[in-house]
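The values are calculated or read from the model by the stated rules, or taken from the named source; none is laboratory data. The shown structure was predicted, so the numbers you read here are calculated from the model rather than taken from an experiment. Cβ coordinates were reconstructed from backbone atoms using ideal geometry, including for glycine residues, and neighbour counts include every protein chain displayed. These accessible areas exclude ligands, DNA and RNA; they are computed on the full protein's heavy atoms, side chains included. Shrake-Rupley method; radii C 1.70, N 1.55, O 1.52, S 1.80 Å.
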Amino acid sequence: MRYAPAAAALSLVFAVQASIGLAQDERADPRAQALVAEGRAQLEAGQTQEAITSFEAALAVSPGYTQVYLDLADVARAEGLQGRAIHFYREAQERDPMNLAAISGEGEALVEKGALTAARENLSRLQDLCGDTCTETIQLAAAIDRGPPVMTAEAVQPDDEVTQN
């Protein structure tokens, strides 16, 4: 008898935790969808800062909308911020561990950053999830084959005139 209240409270805690674990991706609010569409148009027009603002506003309206994290990652990659992109891809994977676009995008950002071993781990994970013929696997394998971008130094021409400080 003394353990009945504790057992009831404990079972309630387990029931709530189980329901949280089974929760699916939140349905996107129509306002968030409109902001995402606006952000994508801005990104295509080369207005990356405006796109970030739109995507962040969409995230504020609908915090569980996983696609916004993928869009933010795409903007970060477009600006050359692979570390930030990897963060957003991992946020998307926390919400949806089977999200192939997030796994592939993270792998491509890792390649751009030069972390080929980690990118190969993502490729292996994709191959386990969807096989060798799915689009995401093919894209990541191609990115790994290309390797990280090669950075070159630009030749700087000296000034014709030398000045005294």
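Using the Karplus relation 6.51 cos²θ - 1.76 cosθ + 1.60 with θ = phi - 60°, the per-residue 3J(HN,Hα) values for the range 43-53 come to 5, 5, 7, x, 9, 5, 5, 5, 5, 4, 4 Hz, with x marking Gly and Pro.
Taking Lys and Arg as +1 and Asp and Glu as -1, the other residues whose beta-carbon sits under 11 Å from that of Ser104 total -2.
Surface composition of the range 61-104: carbon plus sulfur atoms hold 49% of the accessible area, using a 1.4 angstrom probe and ignoring ligands, DNA and RNA.
Work out the FRET efficiency for Asp29 and Arg146 from their Cβ-Cβ distance, taking R0 = 35 Å, and round it to the nearest 0.05. Walk me through the intermediate numbers first.
On the way: r = 38 Å, r/R0 = 1.09.
The formula returns an efficiency of 0.35 here.
Legend: residues Leu35, Leu140, sorted from most to least accessible area (1.4 Å probe; ligands, DNA and RNA excluded), read Leu35, Leu140.
Among the GluC sites (Glu not before Pro) in the range 59-156, those placed in a DSSP loop whose Cβ has at most 16 other Cβ atoms within 10 Å are Glu79, Glu154.
Give, in nm to one decimal, the length gained when the segment between Ala60 and Leu116 is fully stretched (0.36 nm per residue of separation minus the Cα-Cα distance). Each step should come with its number before you reach the end.
Working: separation 56, 0.36 × 56 = 20.16 nm, distance 3.39 nm.
Here the answer is 16.8 nm.
Taking all protein chains together and rolling a 1.4 Å probe, Thr53 ends up with roughly 90 Å² accessible.
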